[in-house]
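This is the structure I want to talk about, given as structure tokens.
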Amino acid sequence: MSQRRVELGLRENLAQFSLLVVVNAFVGAMVGLERSTLPLIGREDFGLTSKAAVLSFIVAFGLAKALTNLAAGSLASRAGRRRLLIAGWVVALPVPLLIGVAPSWQWVVAANVLLGVNQGLAWSMTVVMKIDLVGPERRGFALGLNEAAGYIGVALAAAASGWLASEYASRDVLVAAAAVIAVVALTLSVLFVRDTAGHVALEQSRQHDAGEAPPPLRRAFPDATWRRPALRACSQAGLVNNLNDALAWGLVPLFLAANGASVGQIGLIAGIYPAVWGLGQIWTGHWSDRVGRKLPIVSGMLLQAAALGVLAASEGTVPIAAAAAVLLGVGTALVYPTLIAAISDAVSPVARAPVVGVYRFWRDMGYVAGGVVAGVVADAVGFGGAIAVVAALTAASGLWVAFDLPAGLRAPRPAADRRPTAIPAP
């Protein structure tokens, strides 16, 4: 029986790449279900009045996801990407059950710990596996497609759950949809996804020392956190990006509801932001392959800050909030795939999973920081003040990238023939 050949390139791996796009859409949908419903469930089903208490589910989610990202990056080379992807979906199975039978808000917070583990394993592995498949030349485009799929899943699930929650009980909608998504995604991952270790070995042999070992966490963590300017700039920008995403997820629905928006209008706005973000990444990832990573990241962070400023001044007016959601989506589309591409450009293929894991740890700690900052500040000075504080932090982060990220960073070009090369799979 002939051996299956391992090749680098989007066209050469289109079937597996497309499958991973679909799986990542399901990963995003798991989170999207909560975007327009869970803050309202906390207020209506459990009688929570403190914004910090409502946002505790985001803190739990972000902390679990961040720590899982850190572990997944180190485990990927040893346990295999596919195994971690499947494990992520197994962990997701109890989430709808816990929310469905929850007698108290603490059960919902516990369910979001499991959801964070699911996201940390499943999303991390779909990201790394797509980078493995396409090779260096179209890395930004591949990441744009990956993140587009995930956040289109977020958008569709957020809009659909908000619409259904206007007709049915919010908790029932969330539980039924989450159960279906988890079972279908687990089935696809078990039956059809293949591991990408051979693609990593091929890319490593082409451009780097074939005998290089993945860096241990004790080296990858300081490199991505403070030692290397390119990695440091991306890690802090990722943290601030998810800080403002936590605000959009947990505080904006409450902000709009307090100003008279209906559940359907909240679902619409909760869907617009990730929809623009998701669709925009198809273009922005490809653009960053051409112009480098710095310009999209800096401009995206500053545009996010401007969008949050508009939202803070809107007083919850739905049309203005919708316009702010569009601007915020465009800004995030410029930033999100480009940050991971910049990290991948700066390290060798075998170091990719551990270093991306550290970056994703800091990025998702933004959910923790966002849940705490947005909740505490909103309790102290109101919704508008909390949104304005996060806008200022986002602008400062963009300026940090402008000064710290090397200007010429982009995907490395192969030294020899640019056509994809192949080796027999072991």
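Every number in this text was worked out from the coordinates using simple rules, so none of it is lab data. Just so it is clear, the model here is predicted, and its values are computed rather than measured. Methodologically, a virtual Cβ is constructed for each residue, glycine included, from the backbone with ideal geometry; neighbour enumeration extends over all protein chains shown.
If I stretch the segment between Val184 and Ala313 completely, what's the gain in nm (0.36 nm per residue apart, minus their alpha carbon distance), one decimal?
42.2 nm
What are the extents of the Cα atoms of the range 5-409 along their three principal axes, in Å, largest first?
60, 45, 36
Next question, about the same structure. If you take every residue apart from Ala66 with its C-beta less than 12 Å away from the C-beta of Ala66, what net charge results, scoring Lys and Arg +1 and Asp and Glu -1?
Computed value for this residue: +2.
Compute the Cα gyration tensor for the range 281-329, then decide on rounded, prolate or oblate, letting a ≥ b ≥ c be the square roots of its eigenvalues: rounded whenever a/c is under 1.5, prolate when a/b is larger than b/c in the other cases, and oblate in all that remain.
The shape class here is oblate.
Restricted to Cα positions, what overall size does the range 366-410 have along the principal axes? Three whole-Å values, descending.
Extents along the principal axes, in whole Å: 43, 18, 12.
Based on alpha-carbon centroids, what's the gap between the range 9-64 and the range 123-191 in Å, whole number please?
9
Mind checking which of Thr196, Thr187, Thr225 has the largest fluctuation in a GNM of the chain, springs on alpha carbons under 10 Å?
Checking each option, the largest mean-square fluctuation is seen for Thr187.
For the range 1-59, run through the trypsin sites (Lys or Arg not before Pro) and keep only the ones in DSSP coil with at most 15 other Cβ atoms within 10 Å of their Cβ.
Hits after loop and neighbour filter: Arg4, Arg11.
Could you pull out every whole DSSP H run in the chain that spans at least 27 Å of Cα extent along its own axis and averages 0.0 or higher on the Kyte-Doolittle scale?
14-35, 56-79, 105-134, 139-165, 170-192, 229-250, 263-291, 294-313, 318-345, 349-381, 383-404
Using amide H atoms built in the peptide plane, which far-off residues or other-chain residues are under 5 Å from Val6 H to H?
Correct list: Ile423, Ala425.
In the range 118-219, which GluC sites (Glu not before Pro) fall in coil by DSSP and have 11 or fewer other Cβ atoms within 10 Å?
Sparse-neighbourhood loop GluC sites (Glu not before Pro): Glu167.
Identify all lysines with a Cα-Cα distance to Lys294 below 16 Å; exclude those on the same chain that are fewer than 8 residues away in sequence.
none
Right, next: Using the Cβ atoms and a cut-off under 11 Å, what net charge is assigned to the surroundings of Ala353, where Lys and Arg are +1 and Asp and Glu are -1?
With Lys, Arg at +1 and Asp, Glu at -1, the neighbours total +3.
Lysines within cross-link reach of Lys65: Cα-Cα under 21 Å, excluding same-chain residues under 8 positions apart?
Cross-link targets: Lys130.
Contour minus end-to-end for Asp404 and Ala380, with contour as 0.36 nm per residue of separation and end-to-end as the Cα-Cα distance?
The Asp404-Ala380 span can extend by a further 5.3 nm.
Please give me the summed charge of the neighbours of Val173: other residues whose Cβ is under 15 Å from its Cβ, Lys and Arg +1, Asp and Glu -1.
That sum, taken over residues with Cβ under 15 Å, equals -3.
Test of understanding: what is the full-extension gain from Trp283 to Ser18, defined as 0.36 nm times their sequence separation minus their Cα-Cα distance?
93.7 nm
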